[in-house]
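The values are calculated or read from the model by the stated rules, or taken from the named source; none is laboratory data. Computed from a predicted structure; not experimentally measured. For neighbour counting, all protein chains shown are included, and Cβ atoms are generated from backbone atoms with ideal geometry for every residue, glycine included. In case anyone asks, the SASA skips ligands and DNA or RNA and just uses the protein heavy atoms, side chains included. Shrake-Rupley method; radii C 1.70, N 1.55, O 1.52, S 1.80 Å.
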Amino acid sequence: MAARLAVAVVCYYILCPAVVTSFVHHRPTTSHKVPNTIQLNTETISTPSHEGDQNLASTASNILPDDDIVAMNIKMHQDAVKKSESTFYGFYPEGFTEFNVDQSPSSWISYSLEEADDTFSASTAAAAAAVAELTAVNIWDTFLQLDKRIIPPPFKSSDLAKTSQTPILTPDECRNIISECETHYYGWGGSNERYGTPSYRVGYMLPLENLSFSYTFVNFELLPRLFPAISLAFSDSLTINPENLRLGGCRVVKYDAADGHVELGMHRDGLLVTANIALNDLDEYEGGGTIIEGLKEPIRLPVGNALLHPGDVKHGGNAITSGVRYALVCFIFDTTIVPHEKYCQDRMKEDVDAAMAIQIDDATRIEERARLLNSATKHCADAYKFGRLSCDGGLCDDGYDEIVKSFGSRYQFTL
């Protein structure tokens, strides 16, 4: 998934150097020691050790990218874990010593691609056909097709979305979070244009770190319920140990029809799982809900209930037409599942940003700009290669060299 986004962004920046827009990607903001075995997806095999006795692992599929790239991504993941644990203290066993399974939803409704519009299945088939015929000529079309895939690995077709049949928060707990936000000293934060939604329509947001009561409550009351809930909800596809889950970010969101801040455009979050919890009831607003790519109707939740979906499933906030809607959104990652594509993409973005900061008519820095774009291209190819290792259903092919050659010839800088 990250590989597809990486290629799209690099091509956009290179083709349109004068029009540089912001590329928003949720990075883990703060974790613990990464266990010795790193799970890339569903199957693992041992690979040469790095950094002492740390054993890396990857899917048993084709050929791994260079060991130094794997090790670099492992280090980035370790740093993300440490950062998470220095920002959010709600993790086992340092933050809390037991999980609250009694208040953790045990019954979930699953939404799958089988229930989605047929056009999305057709897009997946088209992507498979494009990859099967991967050449330097059609590489751009191939990546456009790949971006239409809905379910990212390591999830399955039945994991498009999950909704709890019982609440994870009580009405009083929800009201307490809303009350703190509405009485916050600095008020609700505004936002710039996001995901194609103009700033005057984007919903208000308050980061959890800016709150006091809610920060403590989420870390020590909600997460002991949420982590086992995530493990259970996706148990058919993944073996997730709640002890390995960490909070990568969290915010309270407010959509207010009277102010015109009513929606949020379609986007991907980037971490393993997104949890969206309704803080007020359906009779307090009209419209709204979460749009999930591949489903015909938005998902609307009663107060306290939770929606879970893979972070890289494209989704958005459906516009409300009246009233006020509140939601608590948590971004979750696993210390043992390394998102290699994402980290390659992060390095690509750094190179692209640096290249675009150089004036295009600055003749003294032409070589520097070309070097940065060369490096970004390599990171794109690395991201694709990791994506190829993690995809299933025949939607992968050996196109690594063709990608590098294609970008080098199309954008005319030396590789």
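Computed values, structure above
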| item | result |
| --- | --- |
| Every residue from segment 276-299 that is at pLDDT 95 or above and touching a helix residue (DSSP H, G or I) at 6+ places or on another chain (Cβ under 6 Å) | 279 |
| Among the residues listed as 154, 167, the single one being surrounded by 21 or more Cβ atoms within 10 Å (Cβ to Cβ), on the phi < 0 side of the Ramachandran plot and assigned to a loop (DSSP other than H, G, I, E, B) | 154 |
| Matching strands (runs of 3 or more DSSP E) fully within segment 258-335 where at least 2 residues are at negative phi and among the hydrophobic types (A, V, I, L, M, F, W, C) | 264-267, 273-278, 290-292, 306-310, 320-334 |
| Selected residue [more than 30 Å from residue 75 (Cβ to Cβ), of a type in the set (Val, Ile, Thr) and either open to solvent by 10 Å² or more (accessible area, probe 1.4 Å) or within 21 Å of the chain's Cα centre (by Cα) (or both)] from 352, 303 | 303 |
| Residue under evaluation residue 199, criteria (1) open to solvent by 60 Å² or more (accessible area, probe 1.4 Å); (2) assigned to a loop (DSSP other than H, G, I, E, B), criterion not met | (1) |
| Answer residue from segment 263-278, given it is among the hydrophobic types (A, V, I, L, M, F, W, C) and crowded, with 24+ Cβ neighbours inside 10 Å and is nearest to residue 308 (Cα to Cα) among those | 275 |
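Here's the yes/no breakdown for (1) within 19 Å of the chain's Cα centre (by Cα); (2) among the aliphatic types (A, V, I, L, M):
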position	(1), (2)
187	no, no
196	yes, no
226	yes, yes
249	yes, no
